[in-house]
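Only the coordinates and a few stated rules stand behind these numbers; no lab work does. Note that this is a predicted model, so its numbers are computed, not measured. Glycine gets a Cβ as well: all are built from the backbone with ideal geometry, and neighbour counts include every protein chain shown.
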Amino acid sequence: MASISTHNPFTATETPAVGVIVDRLCKNFGSLEVLKDVSFSVEAGEIFVLMGPSGSGKSVLLKHIVGLEFPTSGKVTVDGHDAASETIRDKVRMALVFQAGALFNSLSVYDNLALYPREHRIAKEAGIRDKVMRALQILSLEGTAQKFPSELSGGMKKRVAIARALVMEPQLMLYDEPTSELDPIMSATISEIIATLKDEYHVTSIVVSHDRELALGIADRIGILMDGKLAFLGTKEEVQSPTDPRVAEFLNPKIDLKNPRFKKLEN
Ligand SMILES: Nc1ncnc2c1ncn2[C@@H]1O[C@H](COP(=O)(O)OP(=O)(O)OP(=O)(O)O)[C@@H](O)[C@H]1O
Ligand SMILES: [Mg+2]
């Protein structure tokens, strides 16, 4: 496994850190109220982990930060700029690692990673090649450069999506379930990458995850979204002794094997 602690060509040291403010955010899809008055801020250079049950609105919230969804009311600002403005991506370099990867199936792994630097003329082809190969190396994907996404396992696609985000030299990294589908060693590597980007390059990270190991390992602060509201906001120490019983149950669910749902169907 390659280490990025000694040399990271992806994020310039002079990259200014950016903060995020989510202010009274409400989002409805028709009559469905997904986000209900959510407010929190993420400090520049912080790792913020967002947890919560399936369907609680985590992915929808992330999409507001990168300007892929727009508030019904309330506002999201990134580095002081309205995230809903058309020019947000010109002002802040941010990369979202989508839950399902969102790779271009008609492009090889190499071309998926090279797409952004080519479109933005970040470097000449040789420089782009260095960045792409380095990102693949960090994620143990050297052998996949000429493969197509359909030839990869789910976990490999996930790693390609993270590698592609690294090549964008982000100031703000957003990850949607970065360790789902990964084995424990690769999950630990992803945690290391997120922590290294913070420690050495001051990248702000917002990580949506169900992975308690990751949250308790690297989060500066944790938010838990339940039913469209923030049920918990605090440090990883504070999350160990939650006062809200719903949060406690979410973090330490009891397994009830006598649940009638599990009874055999009888004729
Ligand atoms: N574009 C959309 N149109 C209508 N409803 C949507 C849309 N996007 C999300 N939703 C709904 O918003 C709710 C929250 O979805 P979201 O994807 O944010 O959940 P999540 O917390 O990320 O869940 P998971 O942990 O399963 O990924 C769900 O009920 C979903 O069906
Ligand atoms: Mg989701």
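Odds and ends about this structure:
- Shape category assigned to region 103-168 from the gyration tensor of Cα positions, a/c cut at 1.5: prolate
- Top of 170, 117, 178 by mean-square fluctuation, Gaussian network on the chain, Cα under 10 Å: 117
- Gaussian network model of the chain, springs between alpha carbon atoms under 10 Å - residue of 228, 30, 67 with greatest fluctuation: 30
- Separation of alpha-carbon centers, region 159-238 and region 95-145, rounded to whole Å: 20 Å
- Loop-located GluC sites (Glu not before Pro) in region 173-263, at most 14 other Cβ atoms within 10 Å (DSSP): 237
- Eligible lysines near residue 75 by straight Cα distance, threshold 21 Å, same-chain separation 8 or greater: 27, 36, 58, 63, 91, 229
- Point-charge dipole on Cβ atoms (K/R +1, D/E -1) for the chain, about Cα centre, debye to 20: 600 debye
- Theoretical gain in end-to-end length, residue 105 to residue 85 [0.36 nm per residue, Cα-Cα removed]: 4.3 nm
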